[in-house]
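Step one of this worksheet: look at the structure below.
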Amino acid sequence: MAVAMASAAERAVLEEEFKWLLQEEVHAVLKQLQDILKEASHRFALPASGAEAAAKQESFVLSTAGTDQVKGVLTLQGDALCQADVNLKMPRSNQLLHFAFREDKQWKLQQIQDARNHVNQAIYLLMKRDVNYHFKTGSEVLKLMDAVMLQLSRARNRLTTPATLTLPEIASSGLTRMFAPALPPDILVNFYINLNKLCLTIYQLHVLQPSTTKNFKPAGGSILHNPGAMFEFGNQRYEVSHVHKVECVVPWLNDALVFFTVSLQLCQQLKDKISVFSSYWNYKPY
């Protein structure tokens with residue numbers, strides 16, 4: 001009898017704790033998440049129009065360890081690469097090749113655009129459950145956390161996982177038409193985000209003659225192709241002879257990745273607290 005009474009008392013205490021968790025602590029965590037993600041969203045914010053827009057452009061110097069084969073400056077404005085000024089010292093000949101974006105062109109970085117959209121979707125999900133919303137069950141909180149975590153994971157993955165592209169896809173990209181003077185036919189370029197870095201890859205090509213005895217094997221999709229990779233484009237076969245990869249650190253991308261990690265941890269901690277209560281009951285109370 002005493003055991004049963006103790007069990008009933010313990011159950012009553014736990015039910016009160018669980019009610020407090022649903023009514024108070026959940027909303028405190030949601031508010032904290034909103035604040036962090038709004039700060040993350042500000043990092044991705046597009047600049048305002050007019051004079052302020054010009055002030056919000058950020059320029060970054062390209063570099064790579066141990067070589068000066070490629071030098072340049074990239075200018076980023078929100079999710080747009082609005083200027084690229086690059087010098088490539090050609091192997092063997094040491095001839096200097098200079099190319100830059102046309103003044104009327106900007107290149108949208110889809111990874112940044114997508115990451116921002118996922119962050120804003122996570123904020124929208126949180127704002128739908130404002131402080132006046134009454135969570136009735138733990139499963140409701142778990143579902144919300146899962147939905148928010150999905151958006152945050154997608155945002156993070158867009159910055160940490162560049163697209164895998166084939167060489168013909170790079171060759172046919174609109175990026176090839178961004179430059180003045182136009183890129184030589186034996187040069188391909190690709191820009192992408194990798195973690196907190198904005199990367200530029202330059203591929204030098206040579207034409208494979210129809211009479212060549214080389215076994216032609218087209219390369220598949222990759223983030224970074226190696227010398228020797230072959231492909232066909234415009235009824236012509238090519239082989240990559242040299243690859244140059246340079247990058248620059250973008251500090252606010254690092255900030256955004258930290259915000260994603262902290263937010264995902266907060267979501268998981270809240271899920272864990274909700275789930276702890278299931279071990280106290282034989283039935284699922286949430």
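The values are calculated or read from the model by the stated rules, or taken from the named source; none is laboratory data. Predicted, not measured: the structure shown is a model, and the values here were computed from it. Using ideal geometry, Cβ is built from the backbone for each residue, glycine included, and neighbour counts are taken over all protein chains shown. SASA here: full protein model, heavy atoms, side chains in, ligands and nucleic acids out. Shrake-Rupley method; radii C 1.70, N 1.55, O 1.52, S 1.80 Å.
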- Message: When you check Leu150 against the structure, is it under 13 Å from Leu264 (Cα atoms) and surrounded by fewer than 16 Cβ atoms within 10 Å (Cβ to Cβ), yes or no?
- Response: yes
- Query: Do the conditions hold for Ala155, that is, is it among the small types (Gly, Ala, Ser), more than 30 Å from Tyr124 (Cα to Cα) and either open to solvent by less than 30 Å² (accessible area, probe 1.4 Å) or touching a residue at least 24 places away in the same chain (Cβ under 8 Å) (or both)?
  - Reply: no
- Task: Read through the list (1) in contact (Cβ under 8 Å) with a residue 12 or more places away in the chain; (2) farther than 30 Å from Ala28 by Cα, then give the number of the only condition that Asn235 fails.
- Result: (1)
- Item | Complete set of residues in the stretch 130-141 that are of a type outside the set (D, E, K, R) and either surrounded by 16 or more Cβ atoms within 10 Å (Cβ to Cβ) or more than 21 Å from Lys273 (Cβ to Cβ) (or both) | Asn132, Phe135, Gly138, Val141
- Using the structure shown, decide if Leu195 is modelled with pLDDT of 90 or more, in contact with a Ser or Thr (Cβ under 6 Å, 6 or more places away or on another chain) and surrounded by 16 or more Cβ atoms within 10 Å (Cβ to Cβ). yes
- Query: Restricting the stretch 226-236 to residues that are part of a strand (DSSP E or B) and touching a Ser or Thr at 6+ places or on another chain (Cβ under 8 Å), which is farthest from Pro185 (Cα to Cα)?
  - Reply: Phe231
- Which strands (runs of 3 or more DSSP E) does the stretch 1-98 wholly contain that include 2 or more residues that are modelled with pLDDT of 75 or more and among the charged types (D, E, K, R)? 80-89
- (1) open to solvent by 50 Å² or more (accessible area, probe 1.4 Å); (2) in a strand (DSSP E or B) all hold for Ile202 apart from (1)
- Query: Considering only the stretch 87-111, how many residues are open to solvent by 60 Å² or more (accessible area, probe 1.4 Å), closer than 22 Å to Leu165 by Cα and touching a strand residue (DSSP E or B) at 6+ places or on another chain (Cβ under 6 Å)?
  - Reply: 3
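Table: residues versus (1) modelled with pLDDT under 95; (2) assigned to a strand (DSSP E or B).
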| residue | (1), (2) |
| --- | --- |
| Leu144 | yes, no |
| Ala147 | no, no |
| Gln151 | no, no |
| Ala163 | yes, no |
| Val189 | yes, yes |
- Residues (of a type in the set (Ser, Thr, Tyr) and surrounded by 11 or more Cβ atoms within 10 Å (Cβ to Cβ)) located in the stretch 207-251: Thr212, Ser222, Tyr238, Ser241
- Mind checking whether some residue in the stretch 251-258 is in contact (Cβ under 8 Å) with a residue 12 or more places away in the chain, outside any strand (DSSP E or B) and either more than 25 Å from Trp107 (Cβ to Cβ) or charged (D, E, K, R) (or both)? yes
